[in-house]
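**Student:** First the structure, which I've put down as structure tokens, then a few questions once you've had a look.
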Amino acid sequence: MREDLYLKDFIDRDGLCALQLRRMRETLQRVYQRVPFYQAAFDQAGVKPDDLRTLADLRHFPFTVKTDLRDHYPYGLFATDLSEVVRIHASSGTTGKPIVVGYTREDIDIWSEVMARTFHCIGITREDVVQNAYGYGLFTGGLGAHYGLERVGCTVIPMSGGQTEKQLMVIRDFGATAICSTPSYFVHLIEEAAKAGFAISDTKLRKGIFGAEPWSEEMRRRIQAEAGISAFDIYGLSEVIGPGVSSDCEAKCGMHIFEDHFYPEIINPATGEVLPPGSEGELVFTMITKRALPLIRYRTRDITSLQYEKCACGRTLVRMAKVMRRSDDMLIIRGVNLFPSQIESILLEVEGVQPHYLLVLTREGAMDDLEVRVEVTPEVFSDAIRVMESLQRRIHDRIKQLIGLSAKITLVEPGSIERSAGKAKRVLDNRKLK
Ligand code: DLL
């Protein structure tokens, strides 16, 4: 029974496509009959559920975007009665009301399944003791990971986010072998452990299951070297299901999408045109098994590419490249396009710099200015001004060379940039206030 669950990752592609087509047709019928929003949207686009004869026909159907969920807040896009919904989660956007998502009993089963498959990809077994430091509550991270871990049968410690001292006590005393958290919070744990006089590499912790925010390969290397663990990337979003949409395997060469539930496409974000395999573009998902909230062609805004070649681990499931940017987090500074993750990659290549930074944008008249505030190690901070200045210059020149922007570099004291127990805040845009 348990083995069957994991065998789904190795299904042959023809069998998978046939399954996807059947499920997609059923879902299109269901939303057309049950969700007035979709009936109107399909009618307006001049398509009927029966027009889907092959998977490629999906491109004729309209997209769903975040504002559609907002406009039908809170339950307007649900395809079942609320009496069948057993759980609600919500994701807090930067502005206004949250996005509300719902799950039937079957949806919770699917979610537990895709999370169990996630942990199996990472090599978590019944023998593991897993500290779950994703937030429990309306955020999908905590409960999503929890149900998957129980399904695997390992020992779960439901810590939730925050309470850093207690997290460190539990890592040590309870013998956690793996931890789930945002990558930025784990970096914070590494530092706090050092302050408390121990190294995470001296504990039993061997694996980190990190996601919910972008993090670079440089950040992965740092975390692995400093904590003596293997760091895995997991991806998901509330609107699709939560975590459990895709996961690294032990080969770490892209995250496998659980395609028998979530059908991916890559589009050109400007035109909406579907791009061929391997192209970089915006990721779009159609949920082909969900009951309460099956969204059609949901635009994630996350930029990635898809690789269909079989993976070294033997899984046939398509892999998505690490998500380093969103089509909507691009900053335009003096005409130069910049994604915060580009700065992260540059900073982490410099010795003496810590993985804590904040990009501060200001406007002086018509001119935008970028300040990069970054923490340095205690050694650098207590060093001579000369050493600090030379480090500042190196970072400045590297950003200028690679991105073409002249930024003000401010080296700040270790611990002075605000830490978060969840997603890190990397940009402070003061331009909007003026
Ligand atoms: O962050 C779900 C999740 C929880 C994923 C725990 C992984 C682990 P939301 O709060 O709805 O859901 O935020 C979704 O976060 O569209 C991406 O922009 C970003 N994101 C999530 N995982 C990754 C990742 C959860 N591994 C949004 N790398 C998504 C980069 C990620 N960005």
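**Student:** Beyond 21 Å, what share of the Cα-Cα pairs of region 331-433 is found? Please give it as a whole percent.
**Tutor:** Numbers: 1725 of 5253 pairs.
Here the long-distance tail beyond 21 Å is 33 percent of all Cα pairs in region 331-433.
**Student:** Here's another thing I want to ask about it. So what does log10 I(q)/I(0) come out to for region 147-206 at q = 0.16 Å⁻¹, using the Debye formula with one equal point on every Cα and no solvent?
**Tutor:** Results for region 147-206 at q = 0.16 Å⁻¹ read -0.49.
**Student:** Please give the contour-minus-distance gain from LEU428 to GLU413: 0.36 nm per residue of separation, less the Cα-Cα distance, rounded to one decimal in nm.
**Tutor:** On the way: separation 15, 0.36 × 15 = 5.40 nm, distance 1.84 nm.
Answer, rounded to one decimal: 3.6 nm.
**Student:** Excluding residues on the same chain fewer than 8 positions from LYS400, give the lysines whose Cα lies under 16 Å from its Cα.
**Tutor:** LYS408
**Student:** For ARG393 and GLN33 in the same chain, what is the full-extension length gain: residue separation times 0.36 nm, less their Cα-Cα distance, in nm?
**Tutor:** Details: separation 360, 0.36 × 360 = 129.60 nm, distance 6.19 nm.
Additional length available on full extension: 123.4 nm.
**Student:** A further question follows. My understanding is that a pair violates if its Cα-Cα distance is over 19 Å; which of LYS195/LYS423; LYS8/LYS290; LYS97/LYS290 do that in this structure?
**Tutor:** Working: LYS195/LYS423 23 Å; LYS8/LYS290 17 Å; LYS97/LYS290 23 Å.
Correct reply: LYS195/LYS423; LYS97/LYS290.
**Student:** Another question, then. Binned at 10 Å from 0, what are the whole-percent values of the Cα-Cα distance distribution for region 65-122, short to long?
**Tutor:** P(r) for region 65-122, in whole percents per bin: 22, 39, 31, 8.
**Student:** Can you work out the FRET efficiency for the pair GLU26 and TYR73, with r the C-beta to C-beta distance and R0 = 25 Å, to the nearest 0.05? Walk me through the numbers before you get to the answer.
**Tutor:** On the way: r = 27 Å, r/R0 = 1.07.
Computed FRET efficiency for GLU26 and TYR73: 0.40.
**Student:** Could you work out which residue, out of ASN268, ASN132, ASN337, moves most in a Gaussian network model of the chain, that is, has the largest mean-square fluctuation with Cα springs under 10 Å?
**Tutor:** Result: ASN337 has the largest fluctuation of those listed.
**Student:** What's the FRET efficiency of GLU351 with ILE88 using the Cβ-Cβ distance as r and R₀ = 45 Å, to the nearest 0.05? All intermediate terms of the calculation are to be shown ahead of the outcome.
**Tutor:** Details: r = 47 Å, r/R0 = 1.04.
Efficiency at R0 = 45 Å is approximately 0.45.
**Student:** I want the local charge near PHE119. Using Cβ-Cβ distances under 9 Å, sum +1 for each Lys or Arg and -1 for each Asp or Glu among the other residues. Don't skip to the end; give the middle numbers.
**Tutor:** Numbers: positive: ARG117, ARG151; negative: ASP128.
Surrounding charge for PHE119 is +1.
**Student:** Residues of region 60-81 with amide nitrogen under 17 Å from the 7 Å Cα-to-Cβ point of LYS97?
**Tutor:** Within reach of a label on LYS97: 65-79.
**Student:** If you don't mind, there's one more thing I want to ask. Mind grabbing the base-10 log of I(q)/I(0) for the chain at q = 0.06, 0.10, 0.11, 0.13 Å⁻¹? Debye formula, identical points on the C-alpha positions, no solvent, two decimal places.
**Tutor:** Per q value, in the given order, log10 I(q)/I(0) is -0.27, -0.74, -0.90, -1.22.
**Student:** On the protein heavy atoms, probe 1.4 angstrom, tell me the percent of accessible surface of the chain carried by carbon and sulfur.
**Tutor:** Numbers: 9600 of 18930 Å².
Answer for the chain is 51 percent, counting heavy atoms of protein chains only.
**Student:** Under a plain spin-label model, where a point goes 7 Å from the Cα along Cα-to-Cβ, how far apart in nm are SER406 and ALA251?
**Tutor:** Distance between the two pseudo-spin positions: 4.7 nm.
**Student:** For the chain, with a Gaussian network of springs between Cα atoms less than 10 Å apart, report the residue from ARG126, ARG117, ARG325 with the top mean-square fluctuation.
**Tutor:** Residue with maximal mean-square fluctuation among ARG126, ARG117, ARG325: ARG126.
**Student:** Kindly express, to the nearest 10 degrees and within the range 0 to 90, the angle between helix 183-195's C-alpha long axis and the longest C-alpha principal axis of the chain.
**Tutor:** 40 degrees
**Student:** Any idea what angle helix 13-34 forms with the longest principal axis of the chain, computed on alpha-carbon atoms, 0 to 90 degrees, nearest 10?
**Tutor:** Taking Cα atoms only, the helix is inclined about 80 degrees.
**Student:** Evaluate the distance, in nm, between pseudo-label points positioned 7 Å from the Cα of ALA18 and of LYS195 along their respective Cα→Cβ axes.
**Tutor:** 5.9 nm
**Student:** Hull surface divided by four, with the convex hull built on the Cα atoms of region 80-173: how many nm²?
**Tutor:** On the way: hull surface 29.9 nm².
Over every viewing direction, the Cα hull of region 80-173 projects on average to 7.5 nm².
**Student:** Something else about it: Using only the heavy atoms of the protein chains and a 1.4 Å probe, how would GLU418, GLU379 rank by accessible area, largest first?
**Tutor:** Descending order: GLU418, GLU379.
**Student:** Over the chain, what is the relative contact order in whole percent, taking alpha-carbon pairs under 8 Å and six or more residues apart?
**Tutor:** 13 percent
**Student:** Sticking with this one: Once the piece of chain linking ASP81 and THR54 is laid out straight, how much longer is it, given 0.36 nm per residue of separation minus the C-alpha distance between them? It would help to have the intermediate numbers written out before the result.
**Tutor:** Details: separation 27, 0.36 × 27 = 9.72 nm, distance 3.02 nm.
In short, 6.7 nm is gained.
The values are calculated or read from the model by the stated rules, or taken from the named source; none is laboratory data. What you are looking at is a predicted structure, and each value in this text was computed from that prediction instead of being measured. Methodologically, a virtual Cβ is constructed for each residue, glycine included, from the backbone with ideal geometry; neighbour enumeration extends over all protein chains shown. Just the protein is used for accessible areas: all its heavy atoms, side chains included, with ligands, DNA and RNA removed. Shrake-Rupley method; radii C 1.70, N 1.55, O 1.52, S 1.80 Å.
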